[in-house]
1. Of (1) closer than 30 Å to Ile112 by Cα; (2) part of a strand (DSSP E or B); (3) not acidic (Asp, Glu), Leu382 satisfies all except one. Which?
2. Of the numbered conditions (1) closer than 19 Å to Asn56 by Cα; (2) modelled with pLDDT of 90 or more, Val311 fails exactly one; give the number of that condition.
3. As an exercise: evaluate His148 against (1) more than 30 Å from Leu366 (Cα to Cα); (2) within 32 Å of the chain's Cα centre (by Cα) and give the number of the one condition it does not meet.
4. If only one of Asn327, Asn275, Asn283 is modelled with pLDDT of 90 or more and among the polar types (S, T, N, Q), which one is it?
5. Can you tell me which residue in the range 204-214 is surrounded by the fewest Cβ atoms within 10 Å (Cβ to Cβ), limited to those that are on the phi < 0 side of the Ramachandran plot and in a loop (DSSP other than H, G, I, E, B)?
6. Return yes or no: is Pro349 at pLDDT 90 or above and surrounded by fewer than 17 Cβ atoms within 10 Å (Cβ to Cβ)?
7. Could you give me the residue pairs with C-beta distances under 7 Å whose first residue belongs to the range 58-82 and is surrounded by 12 or more Cβ atoms within 10 Å (Cβ to Cβ) and at pLDDT below 90, whose second residue is of a type in the set (Ser, Thr, Tyr) and in a strand (DSSP E or B) wherever it lies, and which are 6+ apart or on separate chains?
8. Please state which of the following conditions Ser108 fails to meet, knowing it meets all the rest: (1) polar (S, T, N, Q); (2) in contact with a strand residue (DSSP E or B) (Cβ under 7 Å, 6 or more places away or on another chain); (3) closer than 26 Å to Val50 by Cα.
Amino acid sequence: MANPSLSEYISQSQRGLYQSVFGPEYLMKQTYFTVDTATGIFNTTYGRKVWQALNNQTRAFNAIPRTVWGNTAGWRIRTDRGSGRSRPVTETGSLPTVDISNIETVSSLPKIVSTTFGASVKSVFTAQLEGGVGDVLALENENAQLDHVKEMNEELLAGSAYLTSAGATTTFTVPASIAHHFKIGDAVSQYDATAAGHDRTSGSVVSAVNTTTGVVTVASGTTFADSDTAYIYSRAGLTSLDDIVAEDAMAPGGGVARSRAYDLTLGGRTAGTWNAGASVSYNSGTGRDLSLNLLDTAIQKIRTNGGEPKVIIMGHDQYFKLERLLNSQQRYMGQEEYQVGVGSERTFPGTRTGLVLATYQGIPILPDADVPKSVSTADAVLGSNVYVLDTDYLEIAIAQPTQYVENRDYFAANALVVRGLLYTMGEMRCKNFFVQAKIADLNS
């Protein structure tokens with residue numbers, strides 16, 4: 001092999017110094033990584049065949065429109081027409097009483113979602129040998145991109161309120177399979193079932209989540225107990241559909257929650273003020289089967305409030321239940337499969353005749369594995385929820401498109417590792433809460 005020229009040598013020697021577009025000091029020194037172990041992410045060698053065994057579908061994220069953030073930090077929602085401001089007036093009658101609309105202020109700032117990856121210098125070399133995966137950094141970069149979008153999809157479909165099965169001054173326990181709906185940095189409030197009141201309005205910040213035991217650790221100040229309700233007061237990540245499709249004093253699992261999307265009021269919602277959802281259907285923590293009447297009611301509520309449903313999002317369990325409901329009434333006069341597009345996603349194939357499978361009343365149905373599930377009063381995990389949405393008023397506003405940063409500053413890392421970072425700055429926005437709906441407490 002010929003010796004490199006002077007210019008090639010200089011460019012190679014400077015590669016690690018200038019690889020990051022933000023400079024070598026952008027990523028802070030980290031101490032949690034593992035170098036060259038069989039269980040860490042910086043493995044020494046890899047097999048050539050790499051199989052992707054994880055569910056990377058992101059249908060909800062793909063179905064919701066994306067838009068540029070724009071020059072705004074919030075908006076206003078008219079929630080009341082005013083009392084008696086419009087009425088018939090006789091020839092000599094008095095004019096209607098002067099009244100004004102009720103305007104709620106919504107504050108919305110962008111959230112940051114980040115994903116990291118890395119590899120040791122040794123693994124980068126050995127991965128090129130026989131039996132390795134080749135370019136290990138490219139592999140991890142590709143996987144990190146999938147994980148990054150998957151994380152945003154999970155945040156968009158995070159549940160907002162659950163009954164606790166146990167608790168203390170700094171922890172509460174929920175079923176392990178739904179603990180991931182609480183993210184580090186989220187502020188959680190509590191409804192005390194014994195005192196029949198809300199202990200906090202500012203929320204305790206989540207510092208740790210154990211998805212094996214279901215224990216969520218929060219700041220001290222709130223004492224949780226069995227049958228209390230833990231609900232999201234504010235999100236560290238993207239606001240979820242469940243946060244948006246909520247109403248005053250809704251009853252998850254038979255409890256009480258005042259989950260708030262954005263900053264609707266300084267003290268949190270209070271019962272009887274205004275409903276932030278078109279229709280939230282619970283069943284006091286008792287499971288029930290999905291029915292066409294439940295779907296029809298959700299659609300009716302949205303249309304009554306001036307919207308038009310654009311998509312139905314549900315878990316795969318509810319999709320198969322709905323399919324069986326519709327198949328029993330199917331009229332087979334010749335079949336032809338077709339699909340309906342929603343955003344960058346397409347529905348499962350359905351038939352054009354009778355009651356279609358891919359749509360209901362012409363509304364596309366998108367099953368998503370990340371749709372949150374309800375919990376019963378006995379702390380049993382029920383089936384997934386169903387969301388009926390008017391996406392004309394929903395958008396994922398992007399303040400900064402996804403950025404990729406790579407860092408090869410070995411001195412800052414204090415190890416011979418190459419690290420990568422993906423981050424996106426944006427937020428889920430809803431301009432009309434009244435035309436969104438949810439059906440919960442469903443059997444799986």
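The values are calculated or read from the model by the stated rules, or taken from the named source; none is laboratory data. Worth saying up front: this structure is predicted, and the values here are computed from it rather than measured. For neighbour counting, all protein chains shown are included, and Cβ atoms are generated from backbone atoms with ideal geometry for every residue, glycine included.
1. Every listed condition holds for Leu382 apart from (1).
2. (1)
3. (1)
4. Asn283
5. Thr212
6. Spelling it out, it is not the case that Pro349 is at pLDDT 90 or above and surrounded by fewer than 17 Cβ atoms within 10 Å (Cβ to Cβ).
7. Pairs that qualify, where the first residue is surrounded by 12 or more Cβ atoms within 10 Å (Cβ to Cβ) and at pLDDT below 90 and the partner is of a type in the set (Ser, Thr, Tyr) and in a strand (DSSP E or B), are Gly74/Thr105; Gly74/Ser107.
8. (3)
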